[in-house]
Amino acid sequence: MGMVLGKITVETPKHEVLHTGAGYEIRKYPPCIAAEFTYDPKEWKGNPDGGFTVLANYIGALGKPQNTKPEKIAMTAPVITTGGGDDGESAEKIAMTAPVITTGEPEPVAMTAPVITDDQQAPGKVTMQFLLPSKYTKVEEAPRPTDERVVIREVPERKFGVARFSGVATEKAVRAKAEGLKAALEKDGYAIKGPFVLARYNPPFTLPPLRTNEVMFPVE
């Protein structure tokens, strides 16, 4: 019932708030370990979040985990997506899934979000990431995927300008929020270093007015 009412009870990435501006925060996120999968949406009937299943299988959200331990990892919020335009002004729609916590065999491992998709790195390609729990500080410490398409890598420290909003994250709403955030950041002298990402913290059954969403621009 709590998640229906927008309660976020799962682990989210730790960060430091460096500055609070007019309707936004500047946050610094520490380095972390990510599992990622690069794919062409055409291979998934045009579905840009088709790679979700591959990574969900790696953590064991859909059954037996496809890693060598094997170790189940619970999916948590937020889900993060990167837009499709060269200027970062458009956002892809990635279906939000409910947190998955399993018991029994083997021992569950909490997974921290976000899930990141990035279609800026190669024409027609999308890269989706799951950020792993903070207890994994080195690539070698993470469960090794049995699917060779899944890559485990280090994500460096990064800084974002972040604006939060509620409701359904429609393309129109996200675009408007991103444009407002970009204008505010540039007015305050921040250099935007890439396209924005969209973070959604709730499963689809959360009541729309109670959902938590964020748009995030990488900044310097």
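The values are calculated or read from the model by the stated rules, or taken from the named source; none is laboratory data. Since this is a predicted model, take the numbers as computed values, not measurements. All Cβ positions, even for glycine, are placed from backbone atoms using ideal geometry, and neighbour counts span all protein chains on display.
A few remarks follow.
- Arg144 in contact (Cβ under 8 Å) with a residue 24 or more places away in the chain and farther than 18 Å from Pro78 by Cα: yes
- Verdict on Lys28 being at pLDDT 85 or above, among the basic types (Lys, Arg) and in contact with a Lys or Arg (Cβ under 7 Å, 6 or more places away or on another chain): yes
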